[in-house]
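> Could you have a look at this structure, given as structure tokens, before my questions?
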Amino acid sequence: SLLKQVPNESVLDIPCGTGKLAPVFFQTGSEVVACDISENMLNIAESEYERHGVSDARFQVCDAEEISNTLNERVDVAVCLRLLHRVPTDVKRTILAELGTVGDYVIASTAIETLFHKTRRKLRQRLMGGDERNHGYDSLETTRELMTDGFEIIASKRVLPVLSQEHVFLLRPIN
């Protein structure tokens with residue numbers, strides 16, 4: 001829904017991962033530059049884009065911290081989902097700045113730390129084992145500060161409140 005609020009003729013999808021956004025880009029008719037740091041993920045994404053009939057897509061290996069060194073173009077909107085909470089705050093800043101240099105708008109998600117989710121993760125880890133990585137979860141206040149460093153927040157939405165920590169932000173770079 002955030003993508004439909006802004007011009008979306010040209011889109012950067014980074015990291016594109018397995019191509020899960022292909023159906024969305026098919027619906028909007030967007031021309032997509034799908035980027036990922038992993039060539040294997042790009043191959044999977046390319047198959048998924050083809051499966052969903054997205055014909056205006058290009059696939060390119062790209063590090064999210066160096067987008068402006070890889071892309072020679074601007075896009076209407078840069079989409080970066082499910083990456084920022086996996087990196088430290090200084091890397092988040094770098095990635096956001098890079099997204100703002102190539103996109104007229106940015107749609108980015110990150111996980112917000114709350115006491116509920118912190119407790120839930122610890123309990124789940126104790127009961128079932130699993131992921132012990134120290135993700136870069138920040139409070140909503142810290143996240144808003146980060147998002148407004150060079151951007152205007154146009155909209156934000158929680159994804160599956162209570163079940164998920166993910167928030168998605170629609171940002172406009174401040175020039």
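The values are calculated or read from the model by the stated rules, or taken from the named source; none is laboratory data. All of these numbers come straight from a predicted model, not from anything done at the bench. FYI the Cβ positions are ideal-geometry reconstructions off the backbone, even for glycines, and counts take in every protein chain you see. These accessible areas exclude ligands, DNA and RNA; they are computed on the full protein's heavy atoms, side chains included. Shrake-Rupley method; radii C 1.70, N 1.55, O 1.52, S 1.80 Å.
> Applying a 10 Å radius around every beta-carbon, put 98-107, 73-82, 19-28, 35-44 in order of their mean neighbour count, most first.
Per-residue mean Cβ counts within 10 Å order the peptides as 98-107, 73-82, 19-28, 35-44.
> Here's a follow-up. Who wins for biggest fluctuation among R158, R144, R126 in a Gaussian network model of the chain, springs between alpha carbons below 10 Å?
Ranking R158, R144, R126 by mean-square fluctuation puts R126 first.
> Could you look at the chain and say what percent of its accessible area is carbon and sulfur, using a 1.4 Å probe and all protein chains?
Result for the chain: 49 percent of the exposed heavy-atom area is carbon or sulfur.
> Given springs between every Cα pair under 10 Å in a Gaussian network model of the chain, which of Q60, Q165, Q125 has the largest fluctuation?
Q125
> When N counts the residues of the chain, how does its alpha-carbon radius of gyration compare numerically with 2.2 N^0.38 Å, as a ratio?
1.03
> Name the residue from Q165, L96, N69 whose Cα lies farthest towards the positive end of the charge dipole of the chain, charges +1 on Cβ of Lys and Arg and -1 on Cβ of Asp and Glu.
Selected residue: Q165.
> Once amide H atoms are built 1.01 Å from N in the peptide plane, which residues 5 or more positions from L12, or in another chain, come under 5 Å H to H?
Close amide H contacts, sequence-distant or interchain: V33, V77, A78, V79.
> What ratio of Cα Rg to 2.2 N^0.38 Å holds for the stretch 62-101?
Compactness ratio reported: 1.11.
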